[in-house]
Amino acid sequence: MDIHKQRAAALKAIIGNQTLKDFAEKHDLDASYLSQVLNGHRNLGERAAANMEAKIGLPARSLTAPHAPTEVVGLTSEKLSPCTTQQERSIPHADDYALIPQYTAKGSSGNGYLNDHVEVNGRLAFKRAWLAREKLKEENLKVIYNHGDSNWPTLDDGAVLLVDESQMEPRSGRMFALLDCDGEVIIKRLIREVTGSWLIRSDNPDKIRYPDTPVSDEGIRLLKIVGRIVWRGGSI
């Protein structure tokens with residue numbers, strides 16, 4: 001399989017069960033161009049693939065070199081024969097990847113983002129070997145999207161986030177998806193102070209716009225922890 005076919009296969013896997021129209025609108029892409037790439041009528045060049053990675057929020061090389069051993073890449077269903085070349089042996093197998101559901105929910109890096117309607121909208125492929133190294137179980141994971149800039153530069157607006165819903169205990173210095181008392185999802189870092197109280201902190205250095213919120217040890221329990229943010233294009 002040549003590189004252009006590999007990129008098309010990776011793109012198809014990333015789109016998943018979303019319609020081309022919905023996928024294109026979500027990531028500000030041209031649906032007609034995507035259709036031509038997927039149908040083999042147009043090649044996805046390296047520069048175009050890199051630009052698409054940036055727009056979608058994928059790790060580098062996910063589309064430019066999908067056969068390379070990256071942590072998150074698209075899948076190919078091609079089976080290898082006993083006579084495959086060395087280059088073909090580097091093509092990933094579907095069995096090597098876990099398909100993690102993407103939810104339409106957004107976690108706000110700001111004052112909160114109310115998600116009154118949430119649905120699965122495609123899946124992202126993560127290498128099972130990477131999940132094992134990170135001690136993550138695929139059944140506990142889901143993908144959501146960041147909204148806002150209060151955690152810039154750690155998180156860009158629209159960044160893809162991997163949430164581990166099994167990690168619900170507050171841990172100082174870690175970033176969590178929280179559900180506040182108004183039912184809004186917020187993405188914040190929890191900081192334990194020496195007094196035993198907590199701070200809900202934004203990573204944005206502009207503390208005038210995004211000041212720390214002090215919370216008592218009792219108050220932190222009133223915040224429902226949806227899960228810990230374990231990936232955003234790299235482990236955090």
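Given the residues A10, A49, A24, which is the only one that is under 19 Å from P101 (Cα atoms), crowded, with 20+ Cβ neighbours inside 10 Å and either touching a Lys or Arg at 6+ places or on another chain (Cβ under 6 Å) or not polar (S, T, N, Q) (or both)?
Exactly one residue qualifies, and that residue is A10.
If you go through the stretch 123-180 one residue at a time, how many are assigned to a loop (DSSP other than H, G, I, E, B) and either on the phi < 0 side of the Ramachandran plot or at pLDDT 90 or above (or both)?
The total comes to 25.
I need the full set of residues from the stretch 11-66 which are touching a residue at least 60 places away in the same chain (Cβ under 8 Å) and part of a loop (DSSP other than H, G, I, E, B), in order please.
Residues satisfying the conditions are G16, N17, Q18, G57, L58, P59, A65, P66.
Give me the pairs: first residue in the stretch 211-222 and among the hydroxyl-bearing types (S, T, Y), second residue surrounded by 13 or more Cβ atoms within 10 Å (Cβ to Cβ), beta-carbon distance under 7 Å, and six or more apart or on different chains, which are they?
T213/L199; T213/I200; S216/S197
Could you check how many residues of the stretch 195-211 are at pLDDT 90 or above, open to solvent by 50 Å² or more (accessible area, probe 1.4 Å) and either under 26 Å from F126 (Cα atoms) or of a type outside the set (K, R) (or both)?
Residues flagged as at pLDDT 90 or above, open to solvent by 50 Å² or more (accessible area, probe 1.4 Å) and either under 26 Å from F126 (Cα atoms) or of a type outside the set (K, R) (or both) within the stretch 195-211 amount to 4.
Among the numbered criteria (1) within 30 Å of W130 (Cβ to Cβ); (2) open to solvent by 70 Å² or more (accessible area, probe 1.4 Å), which one does V226 miss?
V226 satisfies all of (1) within 30 Å of W130 (Cβ to Cβ); (2) open to solvent by 70 Å² or more (accessible area, probe 1.4 Å) except (2).
The values are calculated or read from the model by the stated rules, or taken from the named source; none is laboratory data. Because the structure is predicted, anything quoted here is derived from the model rather than measured. Here Cβ is always computed from backbone atoms with ideal geometry, including for glycine, and neighbour counts include all displayed protein chains. Note: accessible area is taken over every heavy atom of the protein model, side chains too, but ligands, DNA and RNA are not part of it. Shrake-Rupley method; radii C 1.70, N 1.55, O 1.52, S 1.80 Å.
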